[in-house]
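S.K.: Here you go, one structure.
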Amino acid sequence: MSEQKRKGIYLLPNLLTTAGLFSGFFAVVSSMTGRFEAAAVAIFVAMVFDGLDGRVARMTNTQSDFGAEYDSMADMVSFGMAPALVAYNWGLTELGKFGWLAAFVYVAGAALRLARFNTQVGIADKRFFQGLASPAAAAVVAGLVWVGVEYDAVGTDYGIVVALVTGFAGLLMVSNFKYNSFKELNWHGKVPFVGLLIVLLIFVVVATEPALVLFIVFSLYALAGPINTFRTVDKVTLNDVVGEQEEDADFDANANANANSATDTVDSSEGQQDERSSNKV
């Protein structure tokens, strides 16, 4: 008899997921006590842990269904609830219903974005995200708060701006705009020496004004989806912006090519078998 598989969960990747979850919770608590800079930074820290847990799980071969579900729940807290509550506590409290509705649009967008992503695992084109990824949307909202605190701006004085940015980020998450996932980058390959110098320069630029630089970078990334769509599509339809889309065209083309290749292989094998049979006769 084969040994019964040992029950349990993998510690390392789930520990990183827990750290990201804690960062999101810390952001909410900090915003409730008026520490908005710490709250915004905590959301960016959660992004770091979110990027690490999946990669560590793949590197150590410790992927599991439990880890995937746990990561999704943690993302909902860190990149769904936390940014919305931080934005609400900083700049939306005096807008009344309009303020909490803008925050709810973001929360609902994050929930729908994560649910759609979970249902498309294994069939979606890995080169692109359909809709703005929730960590990037959280970075836009948290970056806005961080910049405001950095330049001594009173959030309630710019409540309309905060509401528009928060709501727009939520809508981008459920849009059909395509965003580059950067999963094609070869992290194991060699780069020229000047590439390392450029990376060091980027770190220096970010370190000088982290709040402003990060907010600008993620805002440009959020705008890249709509800009590329309106620039590349001759006639933009409602399905290009929002709605139910079929499988990606590139994915369909690759699937059809693979199917045709498999059919050709089968036909070739059957032809070779018939030829061998006729030779024997």
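The values are calculated or read from the model by the stated rules, or taken from the named source; none is laboratory data. Bear in mind that the values here come from a model prediction, so they are computed numbers and not experimental data. Cβ placement follows ideal geometry from the backbone for every residue including glycine, while neighbour counts extend to all protein chains displayed. Surface accessibility is based on the protein's heavy atoms, side chains included, excluding ligands, DNA and RNA. Shrake-Rupley method; radii C 1.70, N 1.55, O 1.52, S 1.80 Å.
S.K.: Between Ile160 and Ile9, how many nm apart are label points set 7 Å from Cα along the C-beta direction?
M.R.: Taking the simple label geometry, Ile160 and Ile9 are separated by 4.6 nm.
S.K.: In Å², what does the accessible area per residue of the range 12-128 work out to with a 1.4 Å probe? Before the final figure, lay out the partial values.
M.R.: Numbers: 5940 Å² over 117 residues.
Heavy-atom accessible area per residue stands at 51 Å².
S.K.: Counting only protein heavy atoms and a 1.4 Å probe, tell me what percentage of the range 33-136's accessible area is made up of carbon and sulfur.
M.R.: Details: 3420 of 5120 Å².
C and S fraction of accessible area: 67 percent.
S.K.: Tell me, rounded to the nearest percent, the portion of alpha carbon pairs in the range 26-151 spaced more than 23 Å apart.
M.R.: Working: 2658 of 7875 pairs.
Within the range 26-151, distances greater than 23 Å cover 34 percent of Cα pairs.
S.K.: For a protection proxy built on the mean count of beta-carbon atoms within 10 angstrom, sort 152-161, 169-178, 13-22 highest first, please. Let's see the in-between values first.
M.R.: Details: 152-161: 14.6, 169-178: 22.6, 13-22: 20.6.
Answer by packing, highest mean first, reads 169-178, 13-22, 152-161.
S.K.: Continuing with the same structure: To the nearest 0.05, how large is the calculated FRET efficiency for Glu94 and Leu212 if R₀ is 22 Å and r is the Cβ-Cβ distance?
M.R.: On the way: r = 25 Å, r/R0 = 1.14.
My answer for the efficiency is 0.30.
S.K.: Would the range 81-210 count as rounded, prolate or oblate if I go by the C-alpha gyration tensor, calling it rounded below 1.5 in a/c and otherwise prolate when a/b exceeds b/c, oblate otherwise? Could you put the intermediate results ahead of the total?
M.R.: Working: a/c = 3.63, a/b = 1.31, b/c = 2.78.
Note, shape of the range 81-210 comes out oblate.
S.K.: Now for a different question. What three numbers, in Å, describe the spread of the alpha carbons of the range 109-165 along their principal axes, ordered from the longest?
M.R.: 46, 18, 12
S.K.: Hey, rough spin-label estimate for Val205 and Met59, points 7 angstrom out along Cα→Cβ, what's it come to in nanometres?
M.R.: 2.6
S.K.: Compare the Cα positions of Gly195, Val206, Leu164 along the charge dipole of the range 94-228 (+1 at Cβ of Lys, Arg; -1 at Cβ of Asp, Glu; about the Cα centre) and return the one farthest towards the positive end.
M.R.: My answer, from the dipole projection, is Gly195.
S.K.: Diagonalise the Cα gyration tensor of the range 47-117 and give the resulting equivalent ellipsoid semi-axes, square root of 5 times each eigenvalue, largest first, whole Å. Before the final figure, lay out each step's value.
M.R.: On the way: eigenvalues 192, 29, 9 Å².
Calculated on Cα positions only, the semi-axes equal 31, 12, 7 Å.
S.K.: Amide H neighbours of Ser175 under 5 Å, at least 5 residues apart or on other chains, H built in the peptide plane: list them.
M.R.: Leu132
S.K.: Go through Phe79, Phe104 and list them by solvent-accessible area, largest first, probe radius 1.4 Å.
M.R.: Numbers: Phe79 0, Phe104 120 Å².
Solvent-accessible surface, decreasing: Phe104, Phe79.
S.K.: Could you derive backbone 3J(HN,Hα) for the range 89-102 from the dihedral phi with the Karplus parameters 6.51, -1.76 and 1.60 (θ = phi - 60°), listing whole Hz in sequence and x where the residue is Gly or Pro?
M.R.: Computed from phi, the couplings for the range 89-102 are 5, 8, x, 10, 5, 8, 8, x, 4, 4, x, 6, 5, 4 Hz.
S.K.: Now for a separate question. Can you give me the long-range amide H partners of Phe129? Hydrogens built in the peptide plane at 1.01 Å from N, cutoff under 5 Å, separation of 5 or more residues or another chain.
M.R.: For Phe129, whose amide H was placed from the backbone, the distant partners under 5 Å are Tyr179, Asn180, Ser181.
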